[in-house]
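The values are calculated or read from the model by the stated rules, or taken from the named source; none is laboratory data. Every value quoted in this text rests on a predicted model; they were computed, and no experiment measured them. Because the Cβ atoms are built from the backbone with ideal geometry, glycine has one as well, and the counts that use them run over all protein chains shown. Please note that ligands, DNA and RNA were not included when accessible areas were found on the heavy atoms of the full protein model with its side chains. Shrake-Rupley method; radii C 1.70, N 1.55, O 1.52, S 1.80 Å.
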Amino acid sequence: MTASQRVKTPGFQALVVATIIFALFTQSVGGTIGFFILFGIPLFAMTPLPPYASRGERIWHYAFLATCTLIFLFLILPILIIIPLSFNTEPYFSFTEGMIALDPEAYSTRWYADIFRFGMTAPDAVEGWWEDMWENATWIRAFRNSFFLAIASTILATTLGTLAALGLSRPEMPFRSAITSLLISPMIVPLVITATGMFFFYGGTMQGVIPGYPDGLAKTYLGLVLAHTTLGVPFVIITVTATLSGFDRSLIRASQSLGASGFTTFFKVVMPLILPGMISGALFAFSTSLDEVVAVIFMADVDQRTIPRQMFSGLREQISPTILAVATILVIMSIILLTTVELLRRRSERLRGLSPG
Amino acid sequence: MSDTQNSNDVLVAYDGTPLKQQLAKTTRRMKLRALLLTLPLVLFIIIAFVLPIGDMLIRSFHNPTGTNVVPNFAEVIQEWDGQDYPPDEMIKVFVQDLALARKNREVGKTVGNLATRVNYEIPGSRSLFTKTARKADKITEGPYLDALIKLDKKWANENVWVTLKRVTRDYTLSFYLAATDRKYDENENIIRADELYRIYLPLLYKTIALSALITFLCFLIAYPVAYLLSTLPLRTSNLLMILVLLPFWTSLLVRTSAWIAMLQTEGIINNIFVYLGFIDDENRIQMIYNATGTVIAMVHILLPFMILPLYSVMKTIPPSYMRAAKSMGASNFMAFRRVYFPQTIPGIAAGVLLVFILAIGYYITPALVGGSDGLLISNEIARHIQSSLNWSLGAALGTILLVVVLALYWLYNKLVGVDNLKFG
């Protein structure tokens, strides 16, 4: 269908009418253009209705498309809006006049510089700047803490979770549903309850129980790693079990009949096939740990603060666009994570012949 | 076949044992092996997750403050029948214990701890204990009760002694009573708290109501989107799916800060409304730091958990069913209501339960955008653990919330099955 044909469709005519009404009502040029483009895109992108559709069906269809557009906008706009806001010159969370007029003066990267500078003893010194930044900058410390916790807990959660998923997906597994429910429950139990329990147990009850930790595990990295591993485990279980559900078990028997040991079978036959699921699970666990804040609020010491913990206190105490700059970095990271997981999922579906490719 | 049957009557394995036994043995070994694979994680979860929650459960009814601070008195007072005043020799023990406790600086064993504990039961009685403890070593001879009353008239109140008897027991239900807006009266009967102090049950109802509202809004918004995604060609729907999954992968704190930027009075939505002329510059709408802010931000955050299960169910419904219904004369609405909608109910059940379970325990978003009237029960639990330091009450509230969530989880397991949880 060419563009000129599309213009003649009733959907387009309806859009024009709606735009005119919108323009008359709001009397703003920018708003009207935005309205037209916003609802025009889905109209042009969608397949047109069959020619026999009645007028009511057409109206219904276009209203449906418009609603869906608004919902997608609701989903994505808040996330995208923080990217330009983080380049604000002014210390506000909103667009200034200059930003709307696209004045280059109104944009700056000062909040990104602030990520490095905030908390440093001498941000303008030349000598020893790197050490100062690495050791003292508040946000840099938060990034270091977050990544350390996320990597450590991901390794633990993926190893333990994959082993358990291998057991759970065996047809002869006893008490399957009870054990699965137990292992998934950290995702279901409210974080406040988990964090409260860990605060009591790791802090007071474990005092003097663990050698090397006379004060228990509160305010230690070990305690936080245990907490984050617990919260990441359900995601590993879910993704790896899903991958294993499409796994052809006769491959294991084939490998064993050719004389391979259990270890060889796992590393040479099973693991290459479930690796996409394992990596997805690991990325889920990684992102869960990176995002987790309640356990950190309850259990971490001041210099163990992670990125979300720092954002939490920033949003409560002094709102500064530095938070938006950090948020932008996190959004870019989540786009990378999401892309990786999607590519893995498609690869795994292709391997199992579920998708046209 | 008849040969083996005749020789032995039962089938035997290579080593002569009956095949049935051999099979049972192998099955048992396989089961054990499967169980062993899950064992490390099960042990880990029990130690790192189940025991801490058990610890919280115990703390909700076990509070040894009384026995820690006044150990001897805690033992003797239990023999008092609760009529009038305790005998003078018991009060003597109390005064001596108090004098000893005053010198104790160990956390959890100071007079202040006991005073706080009694203060939960009789508001405003805190100073009675600290004041009395300061002078306890001056009282050396009886009658001790009169000496105490001379110090402070509140000791003449029999309820103080009844309460003391109660708080010096290690196991108590008082925190569950407090968490459900109830208390003990002078005769140890359970009565409802004064109107002014009834806060936790209304808060629990409010949490349930707001979670239900959030779940309903999520359902309303997710249904059309999931339908659209399930009917589009795979390539387009995969592309649009990214718009659903990106929020899912984005940090909670990022999304909450984004909503602060959107909803604040000088924020983007208000600015657009002013620009479009919907509202005046003076009458900007207060959409954040109240329940509205909590609901909007939480709907956004929980929406993917509704869209994904709905989508995965709708994808399996063949479009020919709707066409068949229409070809047999059903109107669009009838075909939807009688043919399409019933088939999506499993997806609705999964999404609704999941979103409700997650919403009812939410903490971070209400804490940041909820102001004071958008706070949920989790925020109250966190407050008791972190600032008011009434840990037992926090634990009791947590236990109540946990019971609600576990009941819903059980229902989810029954209706949907945990195996059907999927992301993406």
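Taking only region B:263-293 into account, find how many residues are open to solvent by less than 10 Å² (accessible area, probe 1.4 Å) and more than 17 Å from B:Ile364 (Cβ to Cβ). Quick ask: steps written out before the conclusion?
We begin by selecting, within region B:263-293, every residue open to solvent by less than 10 Å² (accessible area, probe 1.4 Å); these are B:263, B:267, B:270, B:288, B:293.
Cutting the leftovers down to more than 17 Å from B:Ile364 (Cβ to Cβ) gives us B:267, B:270.
Matching residues across region B:263-293 total 2.
When residues of region B:97-119 are filtered for being in contact with a helix residue (DSSP H, G or I) (Cβ under 7 Å, 6 or more places away or on another chain) and open to solvent by 80 Å² or more (accessible area, probe 1.4 Å), how many remain?
Counting residues in region B:97-119 that are in contact with a helix residue (DSSP H, G or I) (Cβ under 7 Å, 6 or more places away or on another chain) and open to solvent by 80 Å² or more (accessible area, probe 1.4 Å) gives 1.
Can you say whether A:Gly119 is within 30 Å of A:Leu231 (Cβ to Cβ) and outside any helix (DSSP H, G or I), as far as the supplied structure shows? Can you show your working first?
Details: within 30 Å of A:Leu231 (Cβ to Cβ): yes; outside any helix (DSSP H, G or I): yes.
Here the answer is yes, as A:Gly119 does meet what is asked.
How many residues does region B:360-378 contain that are surrounded by fewer than 20 Cβ atoms within 10 Å (Cβ to Cβ) and facing chain A (nearest Cβ under 10 Å)? Reasoning before the result, please.
First, pick out the residues of region B:360-378 that are surrounded by fewer than 20 Cβ atoms within 10 Å (Cβ to Cβ): B:371-373.
Right, trim to facing chain A (nearest Cβ under 10 Å) and you get none.
Summing the residues that are surrounded by fewer than 20 Cβ atoms within 10 Å (Cβ to Cβ) and facing chain A (nearest Cβ under 10 Å) in region B:360-378 gives 0.
Looking at the structure I just gave you, is A:Pro174 more than 7 Å from chain B (Cβ to nearest Cβ) and farther than 20 Å from A:Thr306 by Cβ?
Details: more than 7 Å from chain B (Cβ to nearest Cβ): no; farther than 20 Å from A:Thr306 by Cβ: yes.
Spelling it out, it is not the case that A:Pro174 is more than 7 Å from chain B (Cβ to nearest Cβ) and farther than 20 Å from A:Thr306 by Cβ.
Confirm whether A:Ala254 is part of a helix (DSSP H, G or I), small (Gly, Ala, Ser) and open to solvent by 40 Å² or more (accessible area, probe 1.4 Å).
For A:Ala254, the condition - part of a helix (DSSP H, G or I), small (Gly, Ala, Ser) and open to solvent by 40 Å² or more (accessible area, probe 1.4 Å) - is met.
Considering region A:293-329 alone, what residues qualify as being more than 9 Å from chain B (Cβ to nearest Cβ), open to solvent by less than 20 Å² (accessible area, probe 1.4 Å) and not hydrophobic (A, V, I, L, M, F, W, C)?
A:Gln304, A:Thr306, A:Ser313, A:Pro321, A:Thr322
Residue by residue through region B:257-285, note down the ones that are more than 7 Å from chain A (Cβ to nearest Cβ), in contact (Cβ under 8 Å) with a residue 12 or more places away in the chain and not aromatic (Phe, Trp, Tyr).
Narrowing region B:257-285 to residues more than 7 Å from chain A (Cβ to nearest Cβ): B:263, B:265, B:269-270, B:272-274, B:278-285.
Next, only the ones that are in contact (Cβ under 8 Å) with a residue 12 or more places away in the chain stay: B:263, B:265, B:269-270, B:273, B:284-285.
Those that are more than 7 Å from chain A (Cβ to nearest Cβ), in contact (Cβ under 8 Å) with a residue 12 or more places away in the chain and not aromatic (Phe, Trp, Tyr): B:Leu263, B:Thr265, B:Ile269, B:Asn270, B:Arg284, B:Ile285.
So A:Asp132 ticks every box in (1) more than 30 Å from B:Arg59 (Cβ to Cβ); (2) open to solvent by less than 40 Å² (accessible area, probe 1.4 Å); (3) at pLDDT 90 or above; (4) more than 8 Å from chain B (Cβ to nearest Cβ) but one. Which box is left unticked?
Going through (1) more than 30 Å from B:Arg59 (Cβ to Cβ); (2) open to solvent by less than 40 Å² (accessible area, probe 1.4 Å); (3) at pLDDT 90 or above; (4) more than 8 Å from chain B (Cβ to nearest Cβ) one by one, A:Asp132 breaks only (3).
Within region B:64-82, is there a residue that is under 28 Å from B:Ala193 (Cα atoms), open to solvent by 50 Å² or more (accessible area, probe 1.4 Å) and either touching a His at 6+ places or on another chain (Cβ under 6 Å) or aromatic (Phe, Trp, Tyr) (or both)?
no
Quick check on region B:407-424: of everything there that is assigned to a helix (DSSP H, G or I) and touching a residue at least 40 places away in the same chain (Cβ under 8 Å), which residue is nearest to the other protein chains (Cβ to nearest Cβ)? Don't jump to the end; show me each part of the working.
First, the residues of region B:407-424 that are assigned to a helix (DSSP H, G or I): B:407-415, B:418-420.
With the extra rule that they be touching a residue at least 40 places away in the same chain (Cβ under 8 Å), the set shrinks to B:408-409, B:411-412, B:415, B:420.
Details: B:Leu408: 8, B:Tyr409: 5, B:Leu411: 12, B:Tyr412: 8, B:Leu415: 13, B:Asn420: 10 Å.
Looking at the filtered set, the residue picked out is B:Tyr409.
Under 8 Å by Cβ, and 6 or more places apart or on different chains, what pairs join a residue from region B:327-348 that is more than 18 Å from B:Val225 (Cα to Cα) with one that is open to solvent by 80 Å² or more (accessible area, probe 1.4 Å)?
B:Ala330/B:Arg338; B:Asn332/A:Trp60; B:Asn332/B:Lys326; B:Ala335/B:Lys326; B:Val339/B:Tyr321
Within region B:228-240, work out how many residues are part of a helix (DSSP H, G or I) and surrounded by fewer than 20 Cβ atoms within 10 Å (Cβ to Cβ). Steps first, please.
At the first step, the residues of region B:228-240 found to be part of a helix (DSSP H, G or I) are B:228-231, B:234-240.
Narrowing further to those that are surrounded by fewer than 20 Cβ atoms within 10 Å (Cβ to Cβ): B:230-231, B:234-240.
Residues in region B:228-240 being part of a helix (DSSP H, G or I) and surrounded by fewer than 20 Cβ atoms within 10 Å (Cβ to Cβ): 9 in total.
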